[in-house]
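Have a look at the structure below, then the notes.
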Amino acid sequence: MPPFGIVYARPAGGSEPDFAESPVLFPALRTAASSHGIPVDGLDKPDPGRKLAAGDSVTALFLTSKSGRVSQWLVQLKVVAPAGTARDGHDGDIVLYTGSGNQMQFKSGVARMKVSILGPVTEENVDPEDCPERSIAAGAHEDYLRFGAFGMCGVVQRFTKSAKDLQISFSTVPFSPEDIAKGRKIEQEAGVSRDDETAFAGGAVALNEFTANAEGIPGIMGIATQGMDWPSMWTMLREMNFNIWSTIDWKDETKVDQKVPGGSVQAYRLPFDLYMFGSHISHGGWFIAKPDSPVSVSGGIVGIWLQSVKHPENRMFMRVISAHRGS
């Protein structure tokens, strides 16, 4: 996991979706979801203290618009078995060091999940049989997802309202004594607490876990990248190493009510810009809710949008439309 720090940057633009409006599924996709037992509406009442349990699920609608053609997918994440005491599949704890000299350790077992994908479906599709289900076995660090990034957003909003500069730095290796002295002074003057550091570190871990899981599911990245401008093959060969990063617009963070068919969830809207090999490839944004059961299955991530910089008509939206507990 790379060093994580706050970057103040304002996106160059982008036209984000209106997540206050309830989404409309194409009829063929809705029918296919029903035949495969995948719920497409409803949001169980949040339960902050509940851990993941077998049967917990989140269903997300992916919508892409490319060259004027709109396609939809449904992706369901369903817990098969929560993390056990033996922490099967555990690949090591995460240790982060702060610029003020503190050390934080995050531990988690791996929950086994089933990922079901339906699509793509276009408005012209009328036969649900054209929408077979693809099932994939996956794993996720349960406690990393349950930590979520909602608390991190709350810290930023508090400092933004107080007009104070918030500077918190993290790394997977210790900072030098000189850097710690500087970082400690900066945080003390700004009024940054250990709880603030923990919220930020945990948020970074949660977002990293969500992103890593998405990248590891075949087909998901193919959907997401329809809202990106990939650099030329020559640029990739010249750079040799895969190099992608983002800048987050903390100062434009706001709270919104995201509509879910049959309910709504309050989430932070967090815009970002995505770069690769020095090229600005996408505008985008996260919608981050409290990671309370049942949306803890997705780490509290209830929406994402990406829009191509060079071709703004090419966009990808993801939003949670259903979240239920198994028992």
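The numbers here are math on the coordinates, done by the rules we state, and not lab data. What you are looking at is a predicted structure, and each value in this text was computed from that prediction instead of being measured. Here the Cβ positions follow ideal geometry from the backbone for every residue, glycine too, while neighbour counts run over all protein chains shown.
Before moving on, here are some points about what is shown:
- When the listed pairs Lys78/Lys310; Lys107/Lys161; Lys78/Lys107; Lys161/Lys185; Lys45/Lys78; Lys182/Lys290 are checked against a 27 Å cut-off, the alpha-carbon distance exceeds it for Lys78/Lys310; Lys107/Lys161; Lys182/Lys290.
- Karplus (6.51, -1.76, 1.60) ³J(HN,Hα), θ = phi - 60°, over the range 33-50, in Hz, Gly and Pro reported as x: 4, 5, 5, 9, x, 9, x, 10, 7, x, 9, 5, 4, x, 10, x, x, 8
- Once backbone amide H atoms are built at 1.01 Å from N, Phe272 has Asp249, Gly284, Gly285, Trp286 as its partners under 5 Å, excluding neighbours fewer than 5 places away on the same chain.
- Neighbourhood net charge (10 Å Cβ-Cβ; Lys/Arg +1, Asp/Glu -1) for Ala32: -3
- Reported to the nearest whole Å, the Cα centre-to-centre distance from the range 31-57 to the range 92-120 is 22.
- In order along the range 206-213, the phi-based Karplus estimate (6.51 cos²θ - 1.76 cosθ + 1.60, θ = phi - 60°) of 3J(HN,Hα) comes to 5, 5, 5, 5, 4, 5, 4, 5 Hz; Gly and Pro are listed as x.
- Protection-proxy order for peptides 189-196, 205-212, each taking the mean of Cβ atoms within 10 Å per residue, highest first: 205-212, 189-196
- Asp56 long-range amide H proximity, modeled H, under 5 Å: Val79, Gly326
- Ordering of 299-310, 48-59, 71-82 by burial proxy (mean other Cβ atoms within 10 Å per residue, highest first): 299-310, 71-82, 48-59
- Whole-Hz Karplus values for the range 267-278 come out as 9, 7, 9, 10, x, 8, 10, 10, 10, 9, 6, x Hz, taken residue by residue from phi with 6.51 cos²θ - 1.76 cosθ + 1.60 and θ = phi - 60°; glycine and proline positions read x.
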